1. So how many residues does segment A:24-59 have that are in contact with a Pro (Cβ under 6 Å, 6 or more places away or on another chain) and at pLDDT 85 or above?
2. Here is a check on your reading of the model: is B:Ser198 under 30 Å from B:Gly113 (Cα atoms), small (Gly, Ala, Ser) and over 15 Å from the mean Cα position of the chain (by Cα)?
3. Among the residues of segment A:7-21, which ones are more than 7 Å from chain B (Cβ to nearest Cβ) and assigned to a helix (DSSP H, G or I)?
4. Considering only segment A:229-246, state which residues are crowded, with 19+ Cβ neighbours inside 10 Å, at the interface with chain B (Cβ under 10 Å from one of its Cβ atoms) and in a helix (DSSP H, G or I).
5. Can you go through A:Ala81, A:Ala89, A:Ala174, A:Ala131 and tell me which one is at pLDDT 90 or above and over 24 Å from the mean Cα position of the chain (by Cα)?
6. Condition first: of a type outside the set (A, V, I, L, M) and either at pLDDT 85 or above or at positive phi (or both). Now tell me which residues in segment A:231-267 satisfy that.
7. Report whether or not B:Lys223 is basic (Lys, Arg) and within 11 Å of another protein chain (Cβ to nearest Cβ).
8. Answer yes or no: is there a residue in segment A:205-225 that is at pLDDT below 85 and among the charged types (D, E, K, R).
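The values are calculated or read from the model by the stated rules, or taken from the named source; none is laboratory data. In this text the structure is predicted, and so the values were computed from the model without any measurement. Ideal geometry is used to build each Cβ from the backbone, glycine not excepted, and the neighbour counts take in all protein chains shown.
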Amino acid sequence: MPALRWIRRNLIVIAGLLTLAYMILPNIVVMVFSFNKPKGRFNYAWQQFSLDAWKDPCGVADLCGSLGLSLRIALWATIGATVLGTMIAFALVRYRFRARGAINSLIFLPMAMPEVVMAASLLTLFLNMGAELGFWTVLIAHIMFCLSFVVTAVKARVMSMDPRLEEAARDLYAGPVQTFVRVTFPIAAPGIAAGALLAFALSFDDFIITNFNAGSTVTFPMFVWGSAQRGTPVQINVIGTAMFVIAVAVVLVGQLIATRRKSNARK
Amino acid sequence: MSVTDAPPAPPTEPKIRKPSTRKRLIPYWLLLPGILWLIVFFALPMVYQASTSVQTGSLEKGFQVTWHFRTYWDAFADYYPQFIRSLLYAGTATFLCLLLGYPLAYLIAFKAGRWRNLVLVLVIAPFFTSFLIRTLAWKTILADGGAVVDVMDTLHVLDVTSWLGWTENNRVLATPMAVVCGLTYNFLPFMILPLYTSLERIDGRLHEAAGDLYATPATTFRKVTFPLSMPGVVSGTLLTFIPASGDYVNAELLGSTDTKMVGSVIQTQFLRVLDYPTAAALSFILMAVVLLVVTFYIRRSGTEDLV
């Protein structure tokens, strides 16, 4: 049978596409249900098409407030983790010194630890110090767990950098600051950008660590969590859809610019 | 840590600078803020948690360190079903992630051609819709009387899964199957990306060589591709298993009281019951178990498959 033979030959492609469908399916459901008009409190069954939620995305109390808070925390956590992480990455790749191994494991451990364990231990610290849970404790926690990921991303890029480029700059009488600004930073920038993007996404989406250390402060994931019990407003689907569309658009535009630049360079 | 007790730069005479000393200290200054952050907010909390786990007392009277190690035993005796369940669910989800993720990673690495970037974007993009929203979407997908359950019912798959104990009473939601499905879904990208990275590094000419030596595609995969992708398999399984074993979001949103995982227990003890010693002991047991499983796994994969 030719059909069977075709399936056998393309088995991997079919299986891969099925996995892709499995991954995208919830996003499609979120999108479709952002146009729903649920009868009860829960938005789990399709009732009727409506644009109400799209017209009034902030119509639910505290929703946009929590979204703004999450964006603010993610922004500061990104800045903090990126600055600290980039410094560590440079030190680890560029210099030989004692305790390198210990530092490498200190950076690896937060990534290899179940999140609840980290979240709970941080809470015991804050409780023992008598710290007031809220914006600052969440920000501290986010910088802590994003740091390792930034270090890993930047390290990968800096490792593939040719140190002779910096030597050449110095031979041409560039000072250390000038060398960094004109040579080192531009080359490392894609790695730093990748680390920053990762930190932003991780911080914005974090639930477990925030759940433990936020006190009564409500970030966007915590709002969604709370609404799962009380009844999810359709607006949550609107925001989920918007986030998805914006992210895809940003990545695609970035890709487009990158390929255009590459083809221009070839000319 | 030798970072913190590194001597500060000695104030030598300003005119005769010693570039060698100054240069030697640069890495320490670069490391200092970040490492200090990790020591204060990652390592120190672990110490505090260790001390909390051997305290006794109550919230009203206060907690004292009494070296009460029994808490560990009591916590384990009370909650071992949740522990076993967590490892079981996380292990199953990891296996399913490998099973589902491998073809997709393979597709991106070798078959996608000019679609490669688009498929990669589609793998990463779901990340940007909050994972809680996506997990809630599974409630709709697996809902009673929904399309998925109907199809499973008509094909008599539900009878088989119920017999195996994965589903109950002709429903999928609030059963182990729903929780494992959610876990698999949520951690799939963590499997696919390392797999893709290690597959992409494989030289395509190796496949041609295997073909020239009369290897069938299946043999080529078994003898060439899969062994060479082992680093990705190992890091992918770790990146999936570790977070999955401590997760409580999927169990809470998609499961029932019979599918609670250990993360749920820790969260409840810490934030609602306020029994800090038990919660601290539980999270240390979880950490120890995960470390044990991971070490065993790395050893095994290191000696047998990575050679």
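1. As a first pass, look at segment A:24-59 and keep what is in contact with a Pro (Cβ under 6 Å, 6 or more places away or on another chain): A:27, A:47.
Those still in the list that are at pLDDT 85 or above too: A:27.
Adding up the residues that qualify gives 1.
2. Details: under 30 Å from B:Gly113 (Cα atoms): yes; small (Gly, Ala, Ser): yes; over 15 Å from the mean Cα position of the chain (by Cα): yes.
Criteria met by B:Ser198.
3. Looking only at segment A:7-21, we keep the residues that are more than 7 Å from chain B (Cβ to nearest Cβ), and these are A:7-11, A:14, A:17-18, A:21.
Scanning segment A:7-21 gives A:Ile7, A:Arg8, A:Arg9, A:Leu11, A:Ile14, A:Leu17, A:Leu18, A:Ala21.
4. Keep residues of segment A:229-246 that are crowded, with 19+ Cβ neighbours inside 10 Å, which gives A:232-241, A:243-244.
Filter once more, keeping what is at the interface with chain B (Cβ under 10 Å from one of its Cβ atoms): A:232, A:236-237, A:239-241, A:243-244.
Hits for segment A:229-246 are A:Ile236, A:Asn237, A:Ile239, A:Gly240, A:Thr241, A:Met243, A:Phe244.
5. Values: A:Ala81 fails: over 24 Å from the mean Cα position of the chain (by Cα); A:Ala89 fails: over 24 Å from the mean Cα position of the chain (by Cα); A:Ala174 fails: at pLDDT 90 or above.
Just a single option satisfies the conditions, and that option is A:Ala131.
6. Of the residues in segment A:231-267, the ones of a type outside the set (A, V, I, L, M) are A:231-233, A:235, A:237, A:240-241, A:244, A:254-255, A:259-264, A:266-267.
Selection gives A:Gly231, A:Thr232, A:Pro233, A:Gln235, A:Asn237, A:Gly240, A:Thr241, A:Phe244.
7. Working: basic (Lys, Arg): yes; within 11 Å of another protein chain (Cβ to nearest Cβ): no.
So B:Lys223 does not fit the description; no.
8. First, the residues of segment A:205-225 that are at pLDDT below 85: none.
Taking every residue of segment A:205-225 in turn, none turns out to be at pLDDT below 85 and among the charged types (D, E, K, R).
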